[in-house]
Amino acid sequence: MGHQTETTQFNLVGFSNFVRSNPRSDRFAVTRFHHIEFWCTDATNTALRFSWGLGMPLVAKSDLSTGNHSHASYLLRSADLSFLFSAPYSPSLSGPTSSASIPSFDHSASRAFSAKHGLAVRAVAIQVADADLAFHASVSHGAKPASPPILLDNRVTIAEVHLYGDVVLRYVSYKDPAQRSDPNPDLWFLPGFEPVPSSFPLDFGLRRLDHAVGNVPDLAAAVEYVKGFTGFHEFAEFTAEDVGTSESGLNSVVLASNDETVLLPMNEPVYGTKRKSQIQTYLEHNEGAGVQHLALVSEDIFRTLREMRQRSGIGGFDFMPSPPPTYYRNLKKRAGDVLTDEQIKECEELGILVDRDDQGTLLQIFTKPVGDRPTIFIEIIQRVGCMLKNEEGKEYQKGGCGGFGKGNFSALFKSIEEYEKTLEARQIAEPAAA
């Protein structure tokens, strides 16, 4: 199918004209985000940096000390949020029988991935009812297979399909899902992982992954591909008119699972603006499509930010510049019915952005890129409102409550533009585009 056909079928209507509906069209049963795996060249130090900066304790490992001669993998966990960092050992150690605890791990692919992308996300893992079924349903609907289903220790099935660029969507399913609460990571995570005793308590209030955002060169093709094999529905969309500045912009579509707890937004650059789109800058530095940022839910964003900002510049994460004081002076008009004067003051002190939709309120803040390249970064969010009750009478929050910060995109983009200008200050000016 030619690209021209795809673009004619794919017509962004923009935020204001988008009508949200949920056809509950998933092709397989999706439970939640399970973990995010980063591929890197030094898993030890990368994991420790994220642990210190995000308040996520190191809880499990699979490395030489556990009998894994293929790769070093370290797992950080804070409530339902799990980050895995993996790096290869020498392939000469593996021998004829691989000791890898991640069955899809590949030495040459890992090395090539890190050389091409720097520090980046390799796998977005979601827990499904049946990973075997999810894999075959996906492939039969156009997904490119990456790793066929493998049953580990007769307890856990893991499989992978290509998502975008060199990122895979990993399916994980358990014969006994109740094992999630077991203290042994070999049971609740993956076989081959052993617990790491905690030396001191570490918790900044992060609780789960809200969404994982991808940057792609062609949004129409990416949405058609992912929507086609997952059955996920469109949850929101934004055009350059919605979220751009006078200098640059993007187009964006958010895909969601049936219960709207697995959210996969994707962005593409727009062209012809005064400055190059940040999405284009990402695609150049990342050498192709990849995960742009991970949005982490905090149960108390003020506490999380106080902890994180104490570690900025000393091994933690730095944040994008705060918006001007006028932003916070206007905030009382926009969100005074949800936030107290004291909370608005705290938002200004910590640089937290606030937005809302017709259902709830979103508090958010963005780090600067977490590695050498201006590519992947972290978003910390807290959603307020949209509380519902399930069949058992237990309260839960509706997925995507408060939206995705449409009202803050311009403030964020201006901040990124200023940051990029500091990177360009010492570069020789590029010739003007023809």
Quiz item: the chain: longest stretch without exposed GluC sites (Glu not before Pro) (DSSP loop, at most 16 other Cβ within 10 Å), sites themselves excluded?
Solution: 1-246
Quiz item: Based on Cβ point charges of +1 for Lys and Arg and -1 for Asp and Glu, what charge dipole magnitude is obtained for the chain about its Cα centre, in debye rounded to the nearest 20?
Solution: 380 debye
Exercise. For the stretch 346-385 and the stretch 257-317, write down the distance between their C-alpha centroids in whole Å.
Key: 9 Å
Self-check item: the stretch 165-230-the stretch 38-89 distance, computed between alpha-carbon centres (Å)
Solution: 13 Å
Practice problem: Once you have a ≥ b ≥ c as the square roots of the Cα gyration tensor eigenvalues for the stretch 308-348, tell me rounded if a/c is under 1.5, and otherwise prolate or oblate according to whether a/b is larger than b/c. | Solution: prolate
Quiz prompt | 5 angstrom amide H check on ALA120, placed H, neighbours 5+ away | solution = TRP39
Exercise. Compute the acute angle (0 to 90°) between the alpha-carbon long axis of helix 219-230 and the principal axis of greatest extent of the alpha-carbon atoms of the chain; round to the nearest 10°.
Key: 40 degrees
Quiz item: Of the residues SER82, SER322, SER21, which exhibits the maximal mean-square fluctuation in a Gaussian network model of the chain defined by a 10 Å Cα contact cut-off?
Solution: SER21
Quiz item: Taking only C-alpha pairs under 8 Å that are 6+ residues apart, what is the relative contact order of the chain in percent?
Solution: 16 percent
Quiz item: Say the dipole of the chain comes from +1 at the beta carbon of Lys and Arg and -1 at that of Asp and Glu; which of LEU48, GLN364, PRO323 then lies farthest toward its positive end?
Solution: PRO323
Quiz prompt | Whole-number percent relative contact order across the stretch 63-216, with pairs defined as alpha carbons under 8 Å at least 6 apart | solution = 22 percent
Exercise. Taking the dipole about the Cα centre of the chain, with the C-beta of Lys and Arg at +1 and of Asp and Glu at -1, give me whichever of ILE344, PHE28, ALA159 is farthest to the positive side.
Key: ILE344
Quiz item: Angle between the Cα long axis of helix 131-140 and the longest principal axis of the chain, 0 to 90 degrees, nearest 10?
Solution: 60 degrees
Quiz item: Once you sort the root eigenvalues of the Cα gyration tensor of the stretch 113-187 as a ≥ b ≥ c, which label holds: rounded (a/c under 1.5), prolate (a/b larger than b/c) or oblate (the other case)?
Solution: oblate
Exercise. Whenever you get a sec, line up ASP106, ASP337 from highest to lowest accessible area (probe 1.4 Å, protein heavy atoms).
Key: ASP337, ASP106
Quiz item: Roughly how tilted is helix 325-335, in degrees to the nearest 10 and between 0 and 90, from the longest Cα axis of the chain?
Solution: 80 degrees
Self-check item: Additional length obtainable on full extension of the chain from SER108 to ALA129, 0.36 nm per residue less Cα span
Solution: 4.4 nm
Quiz item: Where does each of ARG383, ARG155, ARG334 land when they are ordered by accessible area, with a 1.4 Å probe and the largest first?
Solution: ARG334, ARG155, ARG383
Exercise. Calculate for the chain the 222 nm mean residue ellipticity that helices alone would give, adding -39,500 (n - 2.57) per DSSP H run of length 4 or more and normalising by residue count, nearest 500 deg cm²/dmol.
Key: -8000 deg cm²/dmol
Practice problem: Once you have a ≥ b ≥ c as the square roots of the Cα gyration tensor eigenvalues for the chain, tell me rounded if a/c is under 1.5, and otherwise prolate or oblate according to whether a/b is larger than b/c. | Solution: rounded
Quiz item: How much length is gained if the chain between ASP80 and HIS141 is pulled fully straight, taking 0.36 nm per residue apart and subtracting their Cα-Cα distance, in nm to one decimal?
Solution: 19.0 nm
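The values are calculated or read from the model by the stated rules, or taken from the named source; none is laboratory data. The structure displayed is predicted, hence computed values, not measured ones. With ideal geometry, Cβ positions are generated from the backbone for all residues, glycine too; neighbour counts draw on all protein chains shown. When the accessible area is computed, the model is the full protein with side chains, heavy atoms only, and any ligands, DNA or RNA have been set aside. Shrake-Rupley method; radii C 1.70, N 1.55, O 1.52, S 1.80 Å.
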